[in-house]
C-alpha cells in the first residue's frame, strides 16, 4: 500500500512537470504555487516512504534481538536449575551433562 501510494504521487508529479516543461501547462502564479507545494508534498512522501521502511526494519531487528536474548536468558536459567539439582544430589553429573546438551 505504501509503495503504491508513493508511486502514484510520484507519477502524477512527473506528469505535471512534463506538461509544464513541454509547454502544455501555462505557468501563472497560481500554477507555480501549486507546483511548488506539490514538490514539497512529493518530497515529504518520499522521505516518509524510506523513513518508515527504515523504522520497520529497525523494529524487526530489535524484535529478533530481544527474542535471542530471551532464549539465552532462558538457557541460563535452565542451566542454573540443573546446577542446583546437581548440588542437591537430585541428578548425577552425567545426567546434568546430558540435559545440558539440550540448552547449548
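Read the figures in this text as sums done on the coordinates, not as results from a lab. This structure is a prediction, so every number in the text was calculated from the model and none was measured. Cβ placement follows ideal geometry from the backbone for every residue including glycine, while neighbour counts extend to all protein chains displayed.
Listed values, structure above:
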| quantity | calculated |
| --- | --- |
| Rounded tilt (10° steps) of 29-88 against the dominant C-alpha axis of the chain | 0 |
| Computed over the chain: relative contact order in percent, which uses C-alpha pairs under 8 Å that are six or more apart | 22 |
| For region 33-78: Kirkwood Rh in Å [reciprocal of mean 1/r, alpha carbons] | 13.4 |
| Alpha-carbon spread of the chain, three principal axes, descending order, Å | 91, 18, 16 |
| Net length gained if the chain between residue 74 and residue 46 were fully extended (0.36 nm per residue, minus Cα distance) | 5.9 nm |
| Fully extended contour minus Cα-Cα distance, from residue 3 to residue 87, at 0.36 nm per residue | 24.3 nm |
| Residue 63-residue 98 FRET efficiency (beta carbon distance; Förster radius 25 Å; 0.05 resolution) | 0.15 |
